[in-house]
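Before we start, here is the structure in question, set down as structure tokens.
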Amino acid sequence: MVKKIPLGSTGIDISPLVFGTLPLGFLQADLSPAEGGKLIRYALEGGVNAVDTATLYETYPHVREGLKGFRGEVTVITKTHAPDPATARAHVERGLKDLGRERLDIVHVHAARIADPFTERAGVIEELVRMKEEGKIAHVGLSSHYISAVRSVASRPEIEVVHPLINRTGMGILDGPPEEMGEAIRLCAEAGKGVYAMKALAGGNLIAEARASFAYVLGLAGVHGVAVGMLSEKEIDANIALFSGLSPDPVVWKELESRRRRLAIMANFCKSCGNCVAACGSGALTLVNGKPVVDEAACVLCGYCGAECPEFIIRVV
Ligand code: SF4
Ligand code: SF4
């Protein structure tokens, strides 16, 4: 059973293994709500007690299915990528309705590629704080790929939880090396912020060294948990064992670590609009002869480019 630990000063105890739902949705594996919900429920039964989703992921039906009838305490976390306060409010209201909750435990400003969310998303942060006062949100958070933004959270009382991108190669961090992100994380934790990390495996790029990569992130001072996308019961079992400090089955881990993921673009159907290139904060896409080409060394397999493609022809597979 995964031991629960305090998420900073929030009063929430989370399992260090947080179920990341991004891969369940249309941006990646595109599982049905029944299939995705079954996996979430399996993890909850195994002791995972925190589920990470986002407005952008379109996985609320999966989460709702996984929670249906479950009696244990579960921390439900979502994110809004809204550019303005009205849209942020609409995203939260939609989350409440689609997830079937009276209150959302944590809502992050989904600021992956925004260097200074305290300036560029100030209105959104204020609106989330307002909705917290209205009782619709328990805690306001920030998710970011920027060291500078994570560092700022330490001195921002309105942000109680931070969801930083960190992995041992630093892939996907937009403004410095992993050591500096680690230092920003430590500062946040010392200030009482809850910290759970994302992209410990760089979206699958580090899967061949998954155990060492998780150990690196979990070993950083101030990290309370890691969101991990999981697509099979075998993978959930292996991660629960790993995050519980047990020795997971080496044969299963070898199998998991041999998987490969990639960005699939059906270029024949591309209309050369360039939306995907603009959506990629990692600078991994360029248009060559009007068609997107991915630099695999820079791509963290987040699938966010796919969300901006009007032709729905980009997926992480
Ligand atoms: S190319 Fe797409 S999947 Fe890769 S990092 Fe950029 S947005 Fe994410
Ligand atoms: S967003 Fe879609 S249609 Fe537009 S350039 Fe990219 S792949 Fe082509």
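For region 1-60, which residues satisfy the criterion of being in contact with a helix residue (DSSP H, G or I) (Cβ under 7 Å, 6 or more places away or on another chain) and among the charged types (D, E, K, R)?
Correct list: Arg41 only.
What pairs can you find where one residue is in region 214-233 and touching a residue at least 40 places away in the same chain (Cβ under 8 Å), the other is surrounded by 24 or more Cβ atoms within 10 Å (Cβ to Cβ) and of a type in the set (Asp, Glu), and their Cβ atoms are less than 6 Å apart, with a gap of 6+ or different chains?
Sorted first by the residue in region 214-233, then by its partner, the pairs are Ala227/Asp52.
Looking at region 196-212 only, could you name the residues that are surrounded by fewer than 22 Cβ atoms within 10 Å (Cβ to Cβ) and either away from ligand 1 (no atom under 16 Å from the Cβ) or outside the structural domain of Leu165 (by TED's automatic domain parsing) (or both)?
Ala208, Glu209, Ala210, Arg211, Ala212
Glu296 versus (1) of a type outside the set (A, V, I, L, M); (2) modelled with pLDDT of 90 or more; (3) within 11 Å of ligand 2 (Cβ to nearest atom): which is the lone unmet condition?
Just one mismatch for Glu296, condition (3).
Let me ask you something else. Among the listed residues Gly245, Gly219, identify the single one that is under 23 Å from the mean Cα position of the chain (by Cα), surrounded by fewer than 16 Cβ atoms within 10 Å (Cβ to Cβ), modelled with pLDDT under 95 and not assigned by TED's automatic domain parsing to the domain that holds Asn289.
Details: Gly219 fails: modelled with pLDDT under 95.
Criteria check complete, one pass: Gly245.
While we're on this one: Just need a number here: residues in region 99-118 that are part of a helix (DSSP H, G or I) and closer than 20 Å to Ala278 by Cβ. Step through it out loud before you land on a result.
Restricting attention to region 99-118, the residues satisfying the condition of being part of a helix (DSSP H, G or I) are 99, 117-118.
Applying the additional criterion that residues be closer than 20 Å to Ala278 by Cβ yields 117.
Selection size over region 99-118: 1.
What number of residues within region 257-269 are buried (at least 18 other Cβ atoms within 10 Å of the Cβ) and farther than 25 Å from His145 by Cβ?
0
Restrict the check to region 282-301 and report whether at least one residue is of a type in the set (Lys, Arg), more than 15 Å from Ala202 (Cα to Cα), within 16 Å of ligand 1 (Cβ to nearest atom) and surrounded by fewer than 18 Cβ atoms within 10 Å (Cβ to Cβ).
yes
While we're looking at this one, here's another question. Only one of these conditions is not met by Glu160: (1) within 18 Å of Gly219 (Cβ to Cβ); (2) modelled with pLDDT of 95 or more; (3) in contact with a strand residue (DSSP E or B) (Cβ under 6 Å, 6 or more places away or on another chain). Which number is it?
Failed condition: (1).
Select from region 280-317 the residues that are of a type in the set (Ser, Thr, Tyr) and in a strand (DSSP E or B) and list them in ascending order.
Initially, region 280-317 is screened for residues of a type in the set (Ser, Thr, Tyr), giving 282, 286, 304.
Thr286 - this is the single residue of region 280-317 that is of a type in the set (Ser, Thr, Tyr) and in a strand (DSSP E or B).
Also, I was wondering about something else. Give the number of residues within region 143-160 that are of a type in the set (S, T, N, Q) and touching a helix residue (DSSP H, G or I) at 6+ places or on another chain (Cβ under 7 Å).
2
Next up: Could you check how many residues of region 248-267 are more than 29 Å from Phe312 (Cα to Cα) and within 20 Å of the chain's Cα centre (by Cα)?
0
OK, next. Does Glu120 meet the test of being surrounded by fewer than 24 Cβ atoms within 10 Å (Cβ to Cβ) and closer than 17 Å to Ala86 by Cα? Give the steps one after another, and end with the answer.
Values: surrounded by fewer than 24 Cβ atoms within 10 Å (Cβ to Cβ): yes; closer than 17 Å to Ala86 by Cα: yes.
It is true that Glu120 is surrounded by fewer than 24 Cβ atoms within 10 Å (Cβ to Cβ) and closer than 17 Å to Ala86 by Cα.
Write out, first by first residue and then by second, each pair whose Cβ atoms fall under 6 Å of each other, whose residues are 6+ apart or on separate chains, and whose first residue, in region 278-290, is closer than 14 Å to Cys302 by Cβ while the second is near ligand 1 (Cβ under 10 Å from one of its atoms) and in a strand (DSSP E or B).
Ala284/Val294; Leu285/Pro292; Leu285/Val294
Hey, does region 81-95 have a residue that's within 21 Å of Arg156 (Cβ to Cβ), touching a His at 6+ places or on another chain (Cβ under 7 Å) and among the basic types (Lys, Arg)? Lay out the reasoning, then the answer.
First, pick out the residues of region 81-95 that are within 21 Å of Arg156 (Cβ to Cβ): 81-85, 88-89, 91-92.
Add one more test, that the residue is touching a His at 6+ places or on another chain (Cβ under 7 Å), and what stays is 81-82.
Now drop any that are not among the basic types (Lys, Arg), which leaves none.
Taking every residue of region 81-95 in turn, none turns out to be within 21 Å of Arg156 (Cβ to Cβ), touching a His at 6+ places or on another chain (Cβ under 7 Å) and among the basic types (Lys, Arg).
The values are calculated or read from the model by the stated rules, or taken from the named source; none is laboratory data. If you're wondering where the values come from, they're calculated on a predicted model, not measured in any experiment. Positions of Cβ are backbone-derived with ideal geometry, glycine not excepted, and every protein chain shown enters the neighbour counts.
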